[in-house]
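Each remark here refers to the structure printed beneath this line.
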Amino acid sequence: MTRSRNPASALSRKTSSEAHQPGSSGAESGRCVVTGQEWPRRDLFPVTMLRPALAERLREQIGDYPADALIARPELDRLRSAHIADLLRQERGELGSLEKEVVDSLARHEVLAENVEAEIDDTRTVGERLSDHLATFGGSWSFLIAFGLFILVWMGGSVAEGPEHSFDPFPFILLNLILSCIAAIQAPIIMMSQRRTEAKDRLRSLNDYRVNLKAELEIRHLHEKIDHMLTRQWERLAEMQEVQIELLQELERRSAPDLADRQ
């Protein structure tokens, strides 16, 4: 008597049995050595790959750990941030708000570069925009040429009408009054524009300082990481060389009796 087989049911039974096998999900997840929580394997980092400074800090924090221990990425970021903060305290003393912001950005993997010009332009009032335009126009060649032509026309018209019928005869007292009023009004406008320019420069310098500090810390971290990887590579090469030497010695011991028999 033949028994009918259903490939689909057999495949489903096989899949369900494999899913219920113990340890089947262990290859896809792991336990963080710091928190003890389960994490996906892609979010875990081998503790043996940590730099010596970070490994020593982790050992001070949680004590001894097994050689195959894993650490979650968020915990690794916090560990690195604390290490960087300690380095900055040793070099510069107490950390300010800018240094703390840079350290936090390293842990969150955020970009610190900002467009300071756009932020200040968006917050300007109507009076500030008007003063900036007036200061820009007052310091241009267009203003100098136009104002020079205005003075020449004024003086030429007054001289052409004669001293008796002129609206501003020589020495042009009314023109001097107009020039004094323009200078008195233009000076505060230029000073307001210069003050905003100084504020822009100050924000720009603070932004550059934060970006440069983060770049310096990132480069230092990369140097330490590369040095640690090179050290581990040399250690592995030395272990491989020792294994090869042992294999060669074993081959020599095995081939020595055969050579003696042939002789």
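The values are calculated or read from the model by the stated rules, or taken from the named source; none is laboratory data. Just so you know, these numbers come straight off a predicted model, no measurement behind them. All Cβ positions, glycine included, derive from the backbone under ideal geometry; neighbour counts span all protein chains shown.
Laid out as a table, the results:
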item	result
Single match in GLU60, GLU38 (criterion: assigned by TED's automatic domain parsing to the domain that holds LEU79, at pLDDT 80 or above and surrounded by 12 or more Cβ atoms within 10 Å (Cβ to Cβ))	GLU38
Criterion: of a type in the set (Gly, Ala, Ser), exposed (fewer than 10 other Cβ atoms within 10 Å of the Cβ), over 30 Å from ALA187 (Cβ atoms) and in the same structural domain as LEU54 (by TED's automatic domain parsing) - qualifying residue of ALA67, ALA72	ALA67
Matching residues, the stretch 139-183, being among the β-branched types (Val, Ile, Thr) and over 58 Å from the mean Cα position of the chain (by Cα)	VAL153, VAL159, ILE173
Inter-residue pairs, beta-carbon under 8 Å, first on the phi < 0 side of the Ramachandran plot and in the stretch 181-192, second among the small types (Gly, Ala, Ser) and loosely packed, with under 15 Cβ neighbours inside 10 Å, 6+ apart	ILE190/GLY139
Verdict on SER81 being over 30 Å from GLU235 (Cα atoms) and among the hydroxyl-bearing types (Ser, Thr, Tyr)	no
Flag for SER81 being part of a helix (DSSP H, G or I), touching an Asp or Glu at 6+ places or on another chain (Cβ under 8 Å), under 29 Å from VAL47 (Cβ atoms) and in contact (Cβ under 8 Å) with a residue 24 or more places away in the chain	yes
Enumeration of residues in the stretch 143-177 that are in a helix (DSSP H, G or I) and surrounded by fewer than 11 Cβ atoms within 10 Å (Cβ to Cβ)	ILE145, GLY148, LEU149, LEU152, VAL153, GLY156, ALA160, GLY162, PRO163, GLU164, HIS165, ILE173
Positions within the stretch 149-179 being among the β-branched types (Val, Ile, Thr) and touching a helix residue (DSSP H, G or I) at 6+ places or on another chain (Cβ under 9 Å), in sequence order	ILE151, ILE178
Residue in the stretch 128-140 that is charged (D, E, K, R), buried (at least 17 other Cβ atoms within 10 Å of the Cβ) and closer than 15 Å to LEU213 by Cβ present	no
